[in-house]
Amino acid sequence: MYIVAMVGNIFLVFLIVTEHTLHEPMYFFLSMLALADVLLSTATAPKMLAIFWFHSTDISFRSCVSQMFFIHFTFVAESAILLAMAFDRYVAICYPLKYTTILTSTVIGKIGVAAMVRSFLICCPFIFLVYRLLYCGRKILLHSYCEHMGIARLACDNININIIYGLTMALLSTGLDVVFIIMSYTMILHAVFQIPSWAARFKALNTCASHICVILIFYTPAFFSFFAHRFGGETIPRHIHILVANLYVVVPPMLNPIIYGVKTKQIQNRVVLLFSTLSTCC
């Protein structure tokens, strides 16, 4: 899955950058999503593979905190990118004549920078929150990668601030992103069902299908893992916690380029053209 994620997302970025016909807002956001997927899977999968293959279960505290930061940073940034993609679909369907004037290259760049800055400001305090804690002997993380609450629970100190900050930021960042995504698609569906032609309705819905699939694949296991880790207690077996947490950092990066490749005709056409050109050259 890691190999497929890396090859698929890097190839997707290469295709969007090199093909001028794909220099549109939707594909620029898709390239941002692909880069975030590469970072998310690379921050987790190599260490997980080392654990499962070579029983390399040691990690320094600094490396653990670094991994924690990049995982949370990428997750929050990817959530913001999915929100931007939902806004892109809303403008494309509800205001098609203003699409190119609203989503200019400058606006897309500012959205990308805002997503990175927001993610950094949210995730940077996690570093100070885990460094301030007093650790006294417990050194085993019952997980296959480092995340904020997993590290905090190793401390023999009061972690209420960590719990409150983590939950608050999750609800105010990814939680609000989900609310705005739902609002965007509610307005999109309302606009689509006002279209008299069934063929036009189907075409409009089909353009959103791949994005909806990606949203469900990204948020469903992530929120299950988040709430199960905090409120599941002993009711959910630990191996289920670990399995779902592992899946949500490797499955979405693997499936995203496949879903967009299958559902997006422009990408299909460029891939076919590229491979046919390569086969002709060879």
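The values are calculated or read from the model by the stated rules, or taken from the named source; none is laboratory data. From a predicted model like this one, the values you see are computed outputs, not experimental measurements. A quick note on method: Cβ atoms are made from the backbone with ideal geometry, for glycine too, and the neighbour counts reach across all protein chains shown. Heavy atoms of the whole protein, side chains included, go into the accessibility calculation; ligands, DNA and RNA do not. Shrake-Rupley method; radii C 1.70, N 1.55, O 1.52, S 1.80 Å.
Look at region 253-282: where a residue is farther than 15 Å from Phe218 by Cβ and among the small types (Gly, Ala, Ser), no partner that is modelled with pLDDT under 75 and in a helix (DSSP H, G or I) sits 6+ places away or on another chain with Cβ atoms under 6 Å. Screening the candidates Ser119, Ser144, Ser184, Ser79 for the property of being under 20 Å from the mean Cα position of the chain (by Cα), under 30 Å from Asn9 (Cβ atoms) and at pLDDT below 90 yields one hit, Ser144. Checked against the criteria, Leu129 does not count as within 22 Å of Gly166 (Cα to Cα), in contact (Cβ under 8 Å) with a residue 60 or more places away in the chain, surrounded by 12 or more Cβ atoms within 10 Å (Cβ to Cβ) and out of contact with any strand residue (DSSP E or B) (no Cβ under 6 Å at 6 or more places or on another chain).
For region 1-45, a residue qualifies if it is of a type outside the set (Asp, Glu) and not in a helix (DSSP H, G or I), and the qualifying residues are Met1, His23.
Here is a yes/no grid of residues against (1) of a type outside the set (A, V, I, L, M, F, W, C); (2) farther than 10 Å from Pro253 by Cβ; (3) open to solvent by less than 60 Å² (accessible area, probe 1.4 Å):
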{"residue": "Ala5", "(1), (2), (3)": "no, no, yes"}
{"residue": "Gly8", "(1), (2), (3)": "yes, no, yes"}
{"residue": "Val13", "(1), (2), (3)": "no, yes, yes"}
{"residue": "Leu30", "(1), (2), (3)": "no, yes, yes"}
{"residue": "Ala45", "(1), (2), (3)": "no, no, yes"}
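Please state which one of Thr235, Thr174, Thr264 is more than 23 Å from the chain's Cα centre (by Cα) and either modelled with pLDDT under 80 or within 30 Å of Leu129 (Cα to Cα) (or both). Answer to the check: Thr235.
From the list Ile181, Ile195, the lone residue that is open to solvent by less than 50 Å² (accessible area, probe 1.4 Å), among the β-branched types (Val, Ile, Thr) and assigned to a helix (DSSP H, G or I) is Ile181.
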